[in-house]
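The values are calculated or read from the model by the stated rules, or taken from the named source; none is laboratory data. Just so it is clear, the model here is predicted, and its values are computed rather than measured. Note that we place each Cβ from the backbone using ideal geometry, even for glycine, and neighbour counts take in every protein chain shown.
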């Protein structure tokens, strides 16, 4: 113990601990490190304006509760819901309670042959949406389908043929882009060149089969029988993957693309042997690369139906969007993070305006494709169908 001085020892140890703490606090920043900026994105000036146009629309099939988001988007845009039809009594009862002013029709044909209806919306069983859309277009109406809007290449060919012949619109509600404020803001920043040329998108898209805390988006009700049958719901890549492939095309600007590799698996649902609870795919477009991971394993502790993440890599920076929550920090969604050559930015996007509804109603009236590019919507559908068809089934040991 010669030469040992307890007071000097603790003084030295304390100083060393403080230096470590300073480093952790970020005070030992490298030369040239830029500021961290916190912002709140503003709503658009037009948001409080009355819609420019009005159309009559109907709902035909409501097997998935996405129909409520779709319906509300068109109403925000100036649409008037005048009629609906559904074949499932529990779904019909809930929809009728939500929209009591709309007339309940006795059949699909009654809606398709009603001349005052300009637009038909549907969230019928996924495999039934495209045939209904073809009939609607041939009856002179535009069509907005829940995703996936198409489940086979034969359906896709029929949709493309009918679009060309009738000049009608076949839109697909890829809501994880069109109805997510953080994703809308990311698109604005990409178009402004905030991160340079986009190189790659990565989408992490976990979902929850039955959400413990309730909420229609997460499947609070027991899933119907068709949910477990790939021939009806399309398979995991075609179904929830359609959101992500649409974003890959949108952010990279790709007008052609291919599936490099895809795989699927059933890891934890042996009681439904054909169900797919995990899948991923790699994409290569003419203007960028993409990777998508999908699963049905969101735990109840998250408090929402999925911790969806979008990463956009550019030549001069990158963007991350934490769409539905900010894990361990806040339950608020629409969190956007941007890093470029000068700074780091956090942007709260919860006040951002959603343009799809007004733009789509204008498209119906003006025969334009501002809200959604027709070719891109159908290309996204084609890619996920092909990803599903060529996916390798992997069984983990």
Checked the range 337-353 for anything crowded, with 20+ Cβ neighbours inside 10 Å and under 15 Å from residue 46 (Cα atoms); matches are 352
Checked the range 91-137 for anything assigned to a helix (DSSP H, G or I) and over 26 Å from the mean Cα position of the chain (by Cα); matches are 93, 96, 97, 108, 109, 110, 111, 112, 135
All-but-one check, residue 143 against (1) in the same structural domain as residue 110 (by TED's automatic domain parsing); (2) in a helix (DSSP H, G or I); (3) surrounded by 22 or more Cβ atoms within 10 Å (Cβ to Cβ), failing number (2)
When (1) outside any loop (DSSP other than H, G, I, E, B); (2) under 21 Å from the mean Cα position of the chain (by Cα) are applied to residue 362, the one that fails is (2)
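So that you can scan it fast, the table gives a plain yes or no per residue for (1) more than 14 Å from residue 364 (Cβ to Cβ); (2) in the same structural domain as residue 131 (by TED's automatic domain parsing); (3) out of contact with any strand residue (DSSP E or B) (no Cβ under 7 Å at 6 or more places or on another chain):
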residue	(1), (2), (3)
45	yes, no, yes
66	yes, yes, no
69	yes, yes, yes
75	no, yes, no
87	yes, yes, yes
95	yes, yes, no
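Among the residues of the range 347-359, is any in contact (Cβ under 8 Å) with a residue 60 or more places away in the chain, farther than 17 Å from residue 147 by Cβ and in a helix (DSSP H, G or I)?
Just the residues of the range 347-359 that are in contact (Cβ under 8 Å) with a residue 60 or more places away in the chain, to begin with: 347-359.
Next, only the ones that are farther than 17 Å from residue 147 by Cβ stay: 347-353, 355, 358-359.
Okay, now just the ones that are also in a helix (DSSP H, G or I), so 358-359.
Within the range 347-359 (the criterion being in contact (Cβ under 8 Å) with a residue 60 or more places away in the chain, farther than 17 Å from residue 147 by Cβ and in a helix (DSSP H, G or I)), the answer is yes, since at least one residue qualifies.
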Within the range 272-302, residues being part of a loop (DSSP other than H, G, I, E, B) and closer than 14 Å to residue 210 by Cβ number 7
Of the candidates 69, 133, the one satisfying the condition of being closer than 26 Å to residue 375 by Cβ, in contact with a helix residue (DSSP H, G or I) (Cβ under 7 Å, 6 or more places away or on another chain) and surrounded by fewer than 19 Cβ atoms within 10 Å (Cβ to Cβ) is 69
Flagged in the range 72-91 as surrounded by 19 or more Cβ atoms within 10 Å (Cβ to Cβ), within 17 Å of residue 114 (Cβ to Cβ) and without any contact (Cβ under 8 Å) to a residue 40 or more places away in the chain, in numbering order, are 81, 82, 83, 84, 85, 86
